[in-house]
Structures are given as C-alpha cells and as structure tokens.
Amino acid sequence: MRKNLLSLSIAAAIGGLGLVGGAHAITSADSTGATADTQNISKNGIGHSLIVPYYTAQTEHATLINLVNTDTVNGKAVKVRFRGAANSDDVYDFQVFLSPGDVWNANVSQDAASGKARLTTVDNSCTKPANVNGEFVTARLKSTWTAERKAANTREGYVEIFNMADVPPGSALFTAIKHVDGVAPCKGTAWTYLDTDRSYGLYVEAGLANPSTGLMGNWTIINVNNAAAWGSTTPAVLASTSQGTDGLGRIVYFPQVATAADPTLIDTFTADPLLVGGFIAAALYDLPDMSTPYLTDAGLFGLPADIQPSEQAGQLTRTISVDNVINEYLTNPDINASTDWVFSMPTRRYSVAMDYAPATSEPVYNDLLQRWFTAGNTAVDGDQICVKNVTYSVWDQSENSPASTIDVVISPNTLPDPVLFCGEASILTINNPGAAQSGVLNAALTVKDIQTSTYTDGWINLTTPGAQVGWGLPVLGGAFVRATAGASTFGANWDHRYNSAVRASGPVNAPAK
C-alpha cells in the first residue's frame, strides 16, 4: 500500500510536467481560461460537480433524479456513478451528454424479480452506453454474500455526478449531442471517437474543452404506497480561482469501456486505496472519480501542475467537513411520527475502503489522508467500516435535555464502544428500537437507532470529530419525517445545519499527528 501511494505521488509530480507516458499524459487547462485552483460548496446550487447524499429503492420507495445543464452555450460530458451505502462500492455508472440548457432525469426503484435497484429513464439525451436502463451491478460486492444480500446492497447509497469536459459549439461532437426536434442524434464518427482512450490534445481536437460550471440537480424520494415524498436540491461543488471567480477544471474524460486500466494511469488519476493498491482490477470506466486531479497547483519551477489525487480528495473532504450536525426530530405517537437522519460521507472512500477479499473483511487506509479517518477513529462491524468518537446531546421542545435524567443509547451495536456512523451513507433512526428497517425510509443497510426516552420531539446536536482535532468529518444529509393525520400521510425533510470545522493549518494530504 505504501509503495503504491509513493508511486502515486511521484507519478503525479512528473505528470505535472507532462512527462508520464500514456493517453492522459497532458491534462493542462486552456491557457486562455481562468484555471481553477480551489473548490467549495456552491452558494447558488450550481457547480462543476454534484453529490446526491442518498438514494433508496427499498420496499415501496423510489428515487427521482433531475440533472440540469444551466449553461446555454456549452454542452457537458457528465459522469454519473451510484455508490452503495455500506462501503461506497460502485454499483452503477455511465455517462450523460447534456446539450446546452438540457435536462436529464431518471427513476431508481426496486426490480420486482431480482430485488436489485433498477434505473429507468425515457430521456432523449445522449448516454454512453446508449441504453442506461437496467439493474444495478453487484460485481464489486463481496463474492461470498448471498444473491439476496448483494441485491440489498444496491438499493441504498449516494450518487456522484461531475462534469468531465465541456462540449462547445462548432464541432462534430456538439452536433452529435445537440437535440433536433427534441431528440439528440448520438451518432457519427465524433461520437464513437470517444470510445477509445486518447491523449488530451486529441480529445480537444474531437470537440472537448475544459469543464466549466453549470450543473444543477434535484432529488426526490417517493413512497408510492403512502403518497409521501421528500426532496431537496443537490449539493454542488464549484471549482474556482483563488480570486473567487468561476474557474475551468481540467479535462478528465475517460472512455466508458471495460478495458483494463494501466496501473500508472490509476496511480496518477485516483486516490481510491482499493484501486491504487490493486485490490480491485481497475477498468477505464472507474475513471474519473472525485479524487481525479481537477484543479491546478504551483508545480516545479512555479509552473501550473496537476495536484495529486490525494490532495484533490483532501481539498474536497475539507470543503464539506463539519464539527457539528444539528437538526430536529419528530416521533410523537399521537400522529404516528417517525424520523430518520441521513449522514452521507461521500469522500470517505479516498481515506479508507473495505477489502472484501479476506475471509474477514479488512479496511485499507490511504496514509496520505489521515486527517479524517485512521485505524484510531474507525472500527469494523461485520463488513462495514464504522466511525467512532461521535457524541451527541438531545433537547425536547421545551428546552429540556435528558443528559442528567435518562440514558441516550445507540442500538443495535456489536462493538464495545458506541458507534454512530456505520457505512458511507449512514442512517440514524430515532426512537425506533429493534426494528429491522428505519422508520421513514425503510433503510436496512447501515441503520442505528437512538432512543431519547420520553422526549418524543426536539432537536439533537452531534459532534463529528475527525481523526485529527479540528478537521471534522465530511458529512452531508438531512432529517426525513413521516406522520399521519387521519387517513392522510405527509412527509417533510430538513437539511442538516452544520458548524464548519475550524481546521489546523497545513496541507490536507499529510499524516495525522
């Protein structure tokens, strides 16, 4: 592992000078544009990449996803990847090509026959492959799991969406993805040209350009039987310049094909410890991910250079890290109220990932990203990695806190210490002890219960420390409530409120002290 991470660092440093062999050796941004060197959560919900904190296809639930290109000039080559809730395993990924002003939408629900999550869309935007309708894939899940367990592990998770490249007008590729009478052609030499791994310069000649901002999204979870729905805007990450203006990222396009990826390519373009360490046989469709160098940095001799994948992942992790998560809960039995809290940690994969190969699954750590997750603040519960040291305080609606009067416990739990966040998209269900599924979303993969005794309604403040003091944990999510009034069922959801981490100075890709 250390040897591979060292080679990753060396390869990235050399790659900044354009000396690494292979198709993606040169990834420099257009010298006429404002190259991005930082990233932050977008204030207006529009950015270069999007993160859907949670999707579910459990029982009667379905998730609707809308993806919008608000750029009315340029098309966008967009990567969409669904990752499982337990360990962020890739369970479905593909590419969507949005023409200017285009909208793409899809529905994720449970397949009645197989039990797997299934994506369904009738959208006319171009995709690679041409047909993205189908069951989610279990090839990256633990081989010894039953078919039923594998299917269950596709039904919950989160979604990564990022702009790999712009498609400006004037090229044959733009013509291939531009709608004509409501339908995009999705054909021609320029279209099939993208199916082969090529150099940066050849991709530019084919019609790709450095990615700009413009992506916007919304997601909605619908309970079909109870006619309840919960929805929110999709958090957007904006790549910008140090002066605060919208920037251009690096072209990070890779073909959506199963061709094996060269280890040097993997070392240079991802911080995923399972891919870098060779624990998973990587293919070109594994790239890009959220750690693929998208920004620039001051390289050797002061020249702009690609940052390392671990630094890319670290910057994004720092952007969404928080010290506290605050929200309300409602479990009043008079209205049959239930509350689930979602805690999605979409960048944890680049700090630690689960290797399923041993008889007892084992975590693999990235020793360049120890600010947030190490062996000291994580533990293994079955086949999941859990984060320890989370504490919490509960208040009712009359400013009473049970801290001095009752015990607040987390259950179920097979570990000796209280553990709150198990899995990548963890579900905290409130006052729902012993249930196999959570009270609102019917979540079953990563559920823990918190009991507040007689305090049926109120608010909770959770502290979320990272492995190193002051760096917090990368958390997104919200509270989901369901209640009944007579014969009617209603749903409500509230995004979490956060206190951003007060971070120590120093680089993000350094071992914790």
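Only the coordinates and a few stated rules stand behind these numbers; no lab work does. Since the model is a prediction, treat every value here as computed from it, not as a measurement. Quick reminder, even Gly has a Cβ in these numbers, built from the backbone with ideal geometry, and neighbours come from all protein chains shown.
Selection among GLY157, THR138, SER109 by position relative to the dipole of region 83-180 gives THR138 as farthest towards the positive end (Cβ unit charges, Cα centre).
Rounded to the nearest 10 degrees, the inclination of helix 2-15 to the longest alpha-carbon principal axis of the chain is 40 degrees.
Here the contact order of the chain, divided by its residue count and restricted to Cα pairs under 8 Å and six or more residues apart, works out to 19 percent. Counting only Cβ charges, +1 for Lys and Arg and -1 for Asp and Glu, the dipole size of region 320-500 around its Cα centre is about 280 debye. For GLN39, the residues whose modelled amide H falls within less than 5 Å of its own, excluding neighbours fewer than 5 places apart on the same chain, are SER240.
The residue list ALA487, PHE421, GLN370 was ranked by how far each Cα lies along the charge dipole of region 320-500 toward its positive end, using unit charges on Cβ atoms, and GLN370 comes out on top. Helix content alone sets the calculated 222 nm mean residue ellipticity of the chain: runs of n ≥ 4 DSSP H residues at -39500 (n - 2.57) each, divided across all residues, give -3000 deg cm²/dmol. Our coupling estimate for region 386-393, obtained by passing each phi through the Karplus curve with A = 6.51, B = -1.76, C = 1.60 and θ = phi - 60°, is 10, 9, 9, 6, 7, 10, 7, 10 Hz, Gly and Pro reported as x.
Among LYS142/LYS187; LYS43/LYS178; LYS43/LYS76; LYS43/LYS128, which pairs are too far apart, with a Cα-Cα distance over 26 Å?
On the way: LYS142/LYS187 37 Å; LYS43/LYS178 29 Å; LYS43/LYS76 21 Å; LYS43/LYS128 31 Å.
Pairs exceeding 26 Å: LYS142/LYS187; LYS43/LYS178; LYS43/LYS128.
VAL342 sits among other residues whose Cβ lies under 15 Å from its own Cβ, and their net charge, with Lys and Arg +1 and Asp and Glu -1, is 0.
Among CYS386, CYS126, CYS186, the order by Cβ neighbours within 10 angstrom, fewest to most, reads CYS186, CYS386, CYS126.
Which order, highest average first, do 440-447, 310-317, 486-493 follow once you tally other Cβ atoms within 10 Å for each residue and take the mean per peptide?
Working: 440-447: 24.6, 310-317: 26.8, 486-493: 13.4.
Descending mean neighbour count gives 310-317, 440-447, 486-493.
As a ratio to 2.2 N^0.38 Å, the alpha-carbon radius of gyration for region 205-259 is 1.76.
Using Cα-Cα distances under 8 Å and only pairs 6 or more residues apart, what relative contact order does region 320-500 have, in percent? All intermediate terms of the calculation are to be shown ahead of the outcome.
On the way: 440 pairs, mean separation 69.7, N = 181.
Here the relative contact order equals 39 percent.
R0 = 22 Å: FRET efficiency of VAL364 with SER143, Cβ-based, nearest 0.05?
Numbers: r = 17 Å, r/R0 = 0.77.
Step by step, r from the Cβ atoms, then E = 0.85.
Between THR196 and PHE490, the simple spin-label model (points 7 angstrom out along Cα→Cβ) gives 6.0 nm.
Could you work out the local net charge near ASP457, counting Lys and Arg as +1, Asp and Glu as -1, over the other residues with Cβ closer than 13 Å to its Cβ? Net charge around ASP457: -4.
Each residue of region 151-157 was assigned a 3J(HN,Hα) from its phi angle through the Karplus expression (A = 6.51, B = -1.76, C = 1.60, θ = phi - 60°), giving 4, 4, 7, 9, 8, 9, x Hz with x at Gly and Pro. Summarising the amide proton neighbourhood of VAL352: residues at separation of 5 or more, or on other chains, whose placed amide H is nearer than 5 Å comprise ASN366. Mean sequence separation of contacting Cα pairs (under 8 Å, at least six apart), scaled by the length of region 234-370, corresponds to a relative contact order of 21 percent.
Rg and Dmax of region 181-337, both derived from C-alpha coordinates alone, stand at 20.8, 68 Å. Computed on the Cα atoms alone, the convex hull of the chain gives a volume of 150 cubic angstrom per residue.
Assuming R0 = 60 Å, what is the FRET efficiency of ASN133 and GLU399, from their Cβ-Cβ distance, to the nearest 0.05? It comes to 0.70. Compute the Cα gyration tensor for region 67-217, then decide on rounded, prolate or oblate, letting a ≥ b ≥ c be the square roots of its eigenvalues: rounded whenever a/c is under 1.5, prolate when a/b is larger than b/c in the other cases, and oblate in all that remain. Verdict is prolate for region 67-217. Residues in region 74-89 carry Karplus couplings, in order, of 9, x, 9, 9, 10, 8, 10, 9, 8, 10, x, 5, 5, 9, 6, 5 Hz; the curve used is 6.51 cos²θ - 1.76 cosθ + 1.60 with θ = phi - 60°, and Gly or Pro positions show x. Here the dipole of the chain is about 400 debye; that uses its Cα centre as origin and unit charges on the Cβ of Lys and Arg (positive) and Asp and Glu (negative).
Determine, from the Cβ-Cβ distance of ALA172 and ASN336 and an R0 of 60 Å, the FRET efficiency 1/(1 + (r/R0)^6), rounded to the nearest 0.05. Display every interim value, and only then the final one.
Numbers: r = 58 Å, r/R0 = 0.97.
Using R0 = 60 Å, I get an efficiency of 0.55.
Computed over the alpha-carbon pairs of region 320-500, the distance histogram in 5 Å steps reads 1, 8, 16, 21, 20, 15, 9, 5, 3, 1, 0, 0 percent, short to long. Between the residues PRO255, ALA228, VAL96, the greatest Cα displacement towards the positive end of the dipole of the chain, with unit charges on the Cβ of Lys, Arg, Asp and Glu, is found for PRO255. Annotation: amide H of TYR54 within the under-5 Å range of VAL159, sequence separation 5 or more or interchain, hydrogens built in the peptide plane.
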